[in-house]
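What follows is a short report on a single structure.
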Amino acid sequence: MTGTPMMDAQTWSVGFRCLLLLALFGSTPSEGVETCEEVRKLFQWRVVGAVKGLPDSPRAGPDLQVCISKKPTCCTRKMEERYQIAARQDLQQVLQASSSTLKLLISRNAAVFQETLETLIKQAENYTSILFCNTYRYMALEAAASIQEFFTDVGLYLFGADVNSEEFVNRFFDSLFPLVYNHLINPDVTDSSLEYSECIRMARREVSPFGNIPKRVMGQMGRSLLPSRTFLQALNLGIEVINTTDHLHFSKECSKALLRMQYCPHCQGITVSKPCTGYCLNVVRGCLAHMAELNPHWHTYIRSLEELSDAMHGTYDLEHVLLNFHLLVDDAVMQAHLNGQNLLEQVNKICGRPVRIPTQSPRCSFDLSKEKPGMKFSGRNGEETLANRRKEFINSLRLYRSFYGDLADQLCVNELAAAEGLPCWNGEDVVKSYTQRVVGNGIKAQYGNPEVKVKGTDPVTNQIIDKLKHVIQLLQGKSPKPDKWELLQLGSGGGMVEQVSGDCDDEDGCGGSGSGEVKRTLKITDFIYLQNYTPVWLKTAQFLCSLSEFLLK
């Protein structure tokens, strides 16, 4: 038999209260019930619509399987089946309502962090493009494609694509060397063949025009990109865990126990009394026994997120690394320029002396040194950096460390059970208190549960636990350590482990370069969501550059 369509959490909550208000005028005691009118009304409201064959007055119910009673009943076998479906839906709705705040917290912050990182990437790309337009304007337009490709790869890596950070750093500096060679080492002339430029590009790693700067960039990118990537992946898994537990299927034993607790009293005309707290705990702890097994892993998951977030500073701070990337590029270009004569001789030995023709390279003819809208982040009271945003999120998430361990207790105390001291339903009748033994949470604690028999394991819950264990290993294995951090690069061709020193020294470039360090004042609330990795300002710059060159002719 199919159940009625599920209501959302808000509708269920309002409807449940309406049901109780309707029932206030019903008969509370089980004795002396002469009519089933109130039970009929509540049943028709709960199953949405009129149902045929409902009894008008209490009668014997020999065909009932769960709501068995020696007293006359207002229920039929068909009603009992419908109630069982309703009881499962009720618990699922309460579960979803209980987890909605947690899910909103994680999903909202996952979206904010991703948008923040996208904006941060655009800001770093803009800084690098401005560097070329202001300082190396003759090569600015030729460098634009390489800059854009580099930061596109940064974004792809952060958001989970199979991209190798070492490869795209090398690719950027490989493409930069021919430009530096043609415009600074051999200015105003360029080779007429693409083959010669390709030879210069291939020679970059042999002649090392940029010194150890590419290696420093690789180290900084590896240290900062991987934790942020792992952090985002972990948040998405957290959302998946909640979505899955919101829609767990309950066993037949659980469904019968929920029916007995929630709707069997209706069959006796008892429409107001709620279940006793101990009785409710036994039923719900039995139904959620497998879910409670998530609790230690969920607790470790949140703790691991917290440890990773705390460790993301210095060269592990993506905001610091990206916003100061252009300074290292500037240092790299200047180092090649100062060593120009030596590089010229080395390239001539490797690539020969080509036939060259003078050219007039297009260049930026406008000044981007002035502040442009959206080009500079300004902090308000207490700089709202990416690190501060993470800290605020972790502080909120920490409140949910025992969410799955306390779930049954929260549901019974806040939603399902009668208040302390009030008469309550114990599964058979309305009593002053529940006298059976109350079991604890988790599968092992269910031995001897007087209300629900818990058998075996739940494959869905086991799958969630396995995923949590995996992401915990990622979070803990990739957490930066004060002395050493093993950076695990995962690719389609297998794994590569590179040990990178975690010390913040001059080679890491922790303090920026000699030209100064960009202050990190990322304002979260004023971000503009950018749909792709092609900056509008750069397209405009390219157009203005072309227009200015045309007008100067």
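Details
- Residue tally, condition open to solvent by less than 10 Å² (accessible area, probe 1.4 Å), of a type in the set (Ser, Thr, Tyr) and more than 30 Å from residue 219 (Cβ to Cβ), over segment 264-319: 2
- Given (1) outside any loop (DSSP other than H, G, I, E, B); (2) of a type outside the set (D, E, K, R); (3) more than 21 Å from the chain's Cα centre (by Cα), number of the condition residue 231 does not satisfy: (3)
- When segment 413-427 is filtered for residues that are open to solvent by 70 Å² or more (accessible area, probe 1.4 Å), in contact with a helix residue (DSSP H, G or I) (Cβ under 9 Å, 6 or more places away or on another chain) and at pLDDT 90 or above, only 413 remains.
- Checking every residue in segment 168-183 against the condition of being in a loop (DSSP other than H, G, I, E, B) and surrounded by fewer than 21 Cβ atoms within 10 Å (Cβ to Cβ) gives zero matches.
- Here 258, 235 are screened, and the one residue that is closer than 21 Å to residue 450 by Cα and surrounded by 18 or more Cβ atoms within 10 Å (Cβ to Cβ) is 258.
- Candidates 193, 208, 197, filtered to the one that is of a type in the set (S, T, N, Q), modelled with pLDDT of 90 or more and either open to solvent by less than 10 Å² (accessible area, probe 1.4 Å) or within 30 Å of residue 351 (Cα to Cα) (or both): 208
- The residues in segment 58-114 that are at pLDDT below 90 and aliphatic (A, V, I, L, M) can be counted, and the count is 4.
- Among the residues of segment 447-473, those identified as assigned to a loop (DSSP other than H, G, I, E, B) and of a type outside the set (Asp, Glu) are 447, 448, 449, 450, 452, 453, 454, 455, 456, 457.
- Condition met for residue 410 (modelled with pLDDT of 90 or more, assigned to a loop (DSSP other than H, G, I, E, B) and open to solvent by 60 Å² or more (accessible area, probe 1.4 Å)): no
- Out of 145, 140, sole residue that is open to solvent by 40 Å² or more (accessible area, probe 1.4 Å) and not aromatic (Phe, Trp, Tyr): 145
- Check on residue 226, within 22 Å of residue 442 (Cα to Cα) and either part of a loop (DSSP other than H, G, I, E, B) or open to solvent by less than 20 Å² (accessible area, probe 1.4 Å) (or both): no
- Residues that are touching a Gly at 6+ places or on another chain (Cβ under 9 Å) and open to solvent by 20 Å² or more (accessible area, probe 1.4 Å), drawn from segment 61-70: 68, 69
- Within segment 428-447, the set of residues being hydrophobic (A, V, I, L, M, F, W, C) and either at pLDDT 95 or above or under 42 Å from the mean Cα position of the chain (by Cα) (or both) comprises 438, 439, 443, 445.
- Test: residue in segment 252-261 that is without any contact (Cβ under 8 Å) to a residue 12 or more places away in the chain, over 30 Å from residue 388 (Cα atoms) and over 26 Å from the mean Cα position of the chain (by Cα): yes
- Residue in segment 91-105 that is outside any helix (DSSP H, G or I) and open to solvent by 10 Å² or more (accessible area, probe 1.4 Å) present: no
- Figure legend. Inter-residue proximity from segment 64-89: first residues under 19 Å from residue 451 (Cβ atoms) and touching a residue at least 60 places away in the same chain (Cβ under 8 Å), second residues hydroxyl-bearing (Ser, Thr, Tyr) and part of a loop (DSSP other than H, G, I, E, B), beta-carbon distance below 7 Å, spacing 6+ or different chains. Indicated pairs: 83/263; 86/263; 87/263.
- Any hit, segment 277-288, residues being among the small types (Gly, Ala, Ser), touching a Cys at 6+ places or on another chain (Cβ under 7 Å) and at positive phi: no
The values are calculated or read from the model by the stated rules, or taken from the named source; none is laboratory data. Model, not experiment: these values are computed from the prediction. Virtual Cβ from ideal backbone geometry, glycine too; neighbours counted across all protein chains shown. The accessibility values were calculated without ligands, DNA or RNA, using every heavy atom of the protein model including side chains. Shrake-Rupley method; radii C 1.70, N 1.55, O 1.52, S 1.80 Å.
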